[in-house]
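Asks: Have a look at the structure that comes next, please.
The values are calculated or read from the model by the stated rules, or taken from the named source; none is laboratory data. What you see is a predicted model; the values in this text were computed from it and never measured. As a convention, Cβ positions derive from the backbone with ideal geometry for all residues, glycine included, and neighbour counts pool all protein chains shown.
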Amino acid sequence: MKLLPAGRNWITIIGLLIASINFLMIIVLFLISTIFDKNDTNLGLFIYIILPGFLLFGLIMIPSGVIISRKKRIASTTAEKKRLPAIDLNNPGHRNAFILFTIITLIILFLSVYGSFEAYHLTESVEFCGTLCHKVMEPEYTAYQNSSHANVACVECHVGSGASWYVKSKLSGLHQVYAVATKTYPSPIETPLHDLRPARETCEKCHWPQKFYARNLQTNKYFLTDSLNSEWSIFLQMKIGPEFSDLGLTEGIHWHINPDINIEYISENDKRELITYVKFTNNATGEVTIYRNPDTEISDSTVAAASARTMDCIDCHNRPSHKYSSPPVYFDKAMLTNEVSQDIPFIKRTAMGILRNTFTDKDTALMQIRETIINYYKSDFSGYFENNYAKIDKSVAALQKGYSQNTFAGMKVTYDVYPDHIGHLESEGCFRCHNDAFTSENGRVIKRDCNLCHTIIGQGSREMIRFTNIKDTLEFQHPVDIGTAWKEANCSECHKYLY
């Protein structure tokens, strides 16, 4: 096929070569991915995003070269200058060129539509979000895979439905790609995300608060650091909703998101951890109550200048899919499921001793976890070690797995970097507001009363568990005798550093 005179220029020829090469590469890679079922994220990135970009660049060069060449030819002739090229379909040459152009255009349009569809699904996939920037996203992706939302796509929560938030997410993604390419991202990634879509537009598409208010029973089993790794259980009746479910969101934990009320707050540095100001509005009556903490005073001018946050699901459920457990938590889980043997003397104490260390990288951590535990039992319990090596080896593997799923030295991510606001054991959680310090001008207090959220209906060791009826509650008993210290201090003051 001969090129038209206007197409005989280097810009058009180079553009034709670029477009042809990239088109062939797309076809070849597409066939490879289809025939060998290679649904690789990086391969898809080349097939549907990178190579089509170069193909488009080459296609733009082709008519650009033609236009530039034509302008030069017209400028160099004294003949009548025509503004637009004439197309005569009665001319066999024009007709063949038109037919060829039409066929190629239709093919390109079809492939563009298909490629755009595949590119959309690729960029919305979990693998794209979690594996493309492996080092940066490894902590979040790993935690997500072990969460209760592992079957929910990232975009369902981070983007949601609608074109506007899709566009916003892609624009934000460009900034993130730049940060990864230039290695200007922070380690660890800073939270909270202030541009996250409101929970009522994402979480509540599945979790309908008005239908999630029944009370439930929560049983927790812990293991102590004595030689027997003694069990300690606690049975809590969680007051998610009212005693009578027909009362809806009028009381219980989910009262905080009742549509008939509005809770706003201001936090120090906008981190949502140290609360300095709380405003309660009764939407039905218009009554407004302001709570201030004398220990963290905030001026009226600061309140006026600050951007108060309206409380929603994420203020408590702030780690719904990316939760990092502390060593005591993932150890207790492994022992409960028998991945770690309870028969090994002092295994929890030994494990906590090594896991309190900070390691430079994952390989070093896994190696030292194994060496420390193996050497301890080989030295101090040699007879037990020889007869129970398989148990110890299995337990070591479980601890290494727990560490790998919750600690990421490369991104400086540990469980306490991203505190979980559910509860109050290892972070302030509920006590950010419920601390007996927030008071209003009319004397109302945001109480520090655990029974507002739950009652203890059973607790104790395996041999001596005490129970009460569901209408009553037991006074909390600490597994280790610490007197009344648990009444005077928040749990997190000890448990955050208790290993």
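Asks: Check Leu249, Leu193 and return the single one that is surrounded by 11 or more Cβ atoms within 10 Å (Cβ to Cβ), without any contact (Cβ under 8 Å) to a residue 24 or more places away in the chain, among the hydrophobic types (A, V, I, L, M, F, W, C) and part of a loop (DSSP other than H, G, I, E, B).
Replies: Values: Leu249 fails: without any contact (Cβ under 8 Å) to a residue 24 or more places away in the chain.
Unique residue meeting the criteria: Leu193.
Asks: Would you mention how many residues in segment 402-423 are small (Gly, Ala, Ser) and over 12 Å from Asp361 (Cα atoms)? Walk me through how you get there before you give the answer.
Replies: Residues of segment 402-423 that are small (Gly, Ala, Ser), as a first pass: 402, 404, 409-410, 423.
Restricting the remaining residues to those that are over 12 Å from Asp361 (Cα atoms) gives 402, 423.
Qualifying residue count, segment 402-423: 2.
Asks: May I ask you to verify whether Ser440 is within 31 Å of the chain's Cα centre (by Cα) and of a type in the set (S, T, N, Q)?
Replies: Numbers: within 31 Å of the chain's Cα centre (by Cα): no; of a type in the set (S, T, N, Q): yes.
The answer is no for Ser440.
Asks: Looking at (1) touching a residue at least 40 places away in the same chain (Cβ under 8 Å); (2) not assigned by TED's automatic domain parsing to the domain that holds Leu425, which is the one condition that is false for Thr337?
Replies: Checking Thr337 against (1) touching a residue at least 40 places away in the same chain (Cβ under 8 Å); (2) not assigned by TED's automatic domain parsing to the domain that holds Leu425, the one that fails is (1).
Asks: Looking only at residues that are among the acidic types (Asp, Glu) and assigned to a loop (DSSP other than H, G, I, E, B) in segment 269-304, which one is surrounded by the most Cβ atoms within 10 Å (Cβ to Cβ)? Walk me through it before giving the result.
Replies: Our first condition is that a residue be among the acidic types (Asp, Glu); within segment 269-304, this holds for 270, 273, 287, 295, 297, 300.
Then drop every residue that is not assigned to a loop (DSSP other than H, G, I, E, B), which leaves 273, 287, 297.
On the way: Glu273: 16, Glu287: 10, Glu297: 10.
Out of the qualifying residues, it is Glu273.
Asks: Shifting gears a bit: In segment 91-143, how many are under 14 Å from the mean Cα position of the chain (by Cα) and among the basic types (Lys, Arg)?
Replies: 0
Asks: To continue, here is another question. Only one of Phe235, Phe244 is under 24 Å from Arg462 (Cβ atoms), in the same structural domain as Arg466 (by TED's automatic domain parsing) and either modelled with pLDDT of 95 or more or not polar (S, T, N, Q) (or both); which?
Replies: Phe235
Asks: Just checking, how many residues over segment 196-227 are part of a loop (DSSP other than H, G, I, E, B) and within 24 Å of Tyr418 (Cα to Cα)?
Replies: Going through segment 196-227, the residues part of a loop (DSSP other than H, G, I, E, B) turn out to be 196-198, 202, 206-208, 212-215, 224-227.
Then keep just the ones that are within 24 Å of Tyr418 (Cα to Cα); that gives 196-198, 202, 207.
Summing the residues that are part of a loop (DSSP other than H, G, I, E, B) and within 24 Å of Tyr418 (Cα to Cα) in segment 196-227 gives 5.
Asks: Just a yes or no: is a residue in segment 432-442 within 20 Å of Tyr222 (Cβ to Cβ) and surrounded by 13 or more Cβ atoms within 10 Å (Cβ to Cβ)?
Replies: The answer is no, given that none of the residues of segment 432-442 is within 20 Å of Tyr222 (Cβ to Cβ) and surrounded by 13 or more Cβ atoms within 10 Å (Cβ to Cβ).
Asks: With respect to Ala398, is the statement that it is assigned to a helix (DSSP H, G or I) and touching a residue at least 24 places away in the same chain (Cβ under 8 Å) true? Quick ask: steps written out before the conclusion?
Replies: Details: assigned to a helix (DSSP H, G or I): yes; touching a residue at least 24 places away in the same chain (Cβ under 8 Å): yes.
Against the criterion (assigned to a helix (DSSP H, G or I) and touching a residue at least 24 places away in the same chain (Cβ under 8 Å)), Ala398 qualifies.
Asks: Just the residues that are in a helix (DSSP H, G or I) and among the charged types (D, E, K, R), please, taken from segment 401-426.
Replies: Here is the first cut: in segment 401-426, the ones in a helix (DSSP H, G or I) are 401-406, 409-411.
Within segment 401-426, just Lys401 meets the criteria.
Asks: Of all residues in segment 202-225, which are at pLDDT 85 or above and over 21 Å from the mean Cα position of the chain (by Cα)? Talk me through it step by step, then tell me what you get.
Replies: Of the residues in segment 202-225, the ones at pLDDT 85 or above are 202-207, 215-225.
Within segment 202-225, Arg215, Asn216, Leu217, Gln218, Thr219, Asn220, Lys221, Tyr222, Phe223, Leu224, Thr225 qualify.
Asks: Let me ask another. Tell me yes or no: at least one residue of segment 115-131 is closer than 30 Å to Ser325 by Cα, touching a residue at least 12 places away in the same chain (Cβ under 8 Å) and in a loop (DSSP other than H, G, I, E, B). Quick ask: steps written out before the conclusion?
Replies: As a first pass, look at segment 115-131 and keep what is closer than 30 Å to Ser325 by Cα: 123-131.
Right, trim to touching a residue at least 12 places away in the same chain (Cβ under 8 Å) and you get 123-131.
If we keep only those that are in a loop (DSSP other than H, G, I, E, B) as well, we get 124-125.
Yes, some residue in segment 115-131 is closer than 30 Å to Ser325 by Cα, touching a residue at least 12 places away in the same chain (Cβ under 8 Å) and in a loop (DSSP other than H, G, I, E, B).
Asks: Output the residue which, of all residues in segment 452-467 that are in a loop (DSSP other than H, G, I, E, B) and without any contact (Cβ under 8 Å) to a residue 12 or more places away in the chain, is farthest from Ser230 (Cα to Cα).
Replies: That would be Met464.
Asks: Can you name the condition, by its number, that Thr102 falls short on among (1) closer than 30 Å to Val177 by Cβ; (2) at pLDDT 85 or above?
Replies: (1)
Asks: Please specify each residue of segment 473-492 satisfying the condition of being assigned to a helix (DSSP H, G or I), without any contact (Cβ under 8 Å) to a residue 12 or more places away in the chain and surrounded by 13 or more Cβ atoms within 10 Å (Cβ to Cβ). Show your work before the answer.
Replies: Pass one, segment 473-492, residues assigned to a helix (DSSP H, G or I): 485-488, 492.
Filter again for without any contact (Cβ under 8 Å) to a residue 12 or more places away in the chain, leaving 485-488.
Scanning segment 473-492 gives a single hit, Trp486.
Asks: What's the number of the condition Gly410 fails, among (1) surrounded by fewer than 16 Cβ atoms within 10 Å (Cβ to Cβ); (2) within 25 Å of the chain's Cα centre (by Cα); (3) at pLDDT 95 or above?
Replies: With (1) surrounded by fewer than 16 Cβ atoms within 10 Å (Cβ to Cβ); (2) within 25 Å of the chain's Cα centre (by Cα); (3) at pLDDT 95 or above applied to Gly410, the lone miss is (3).
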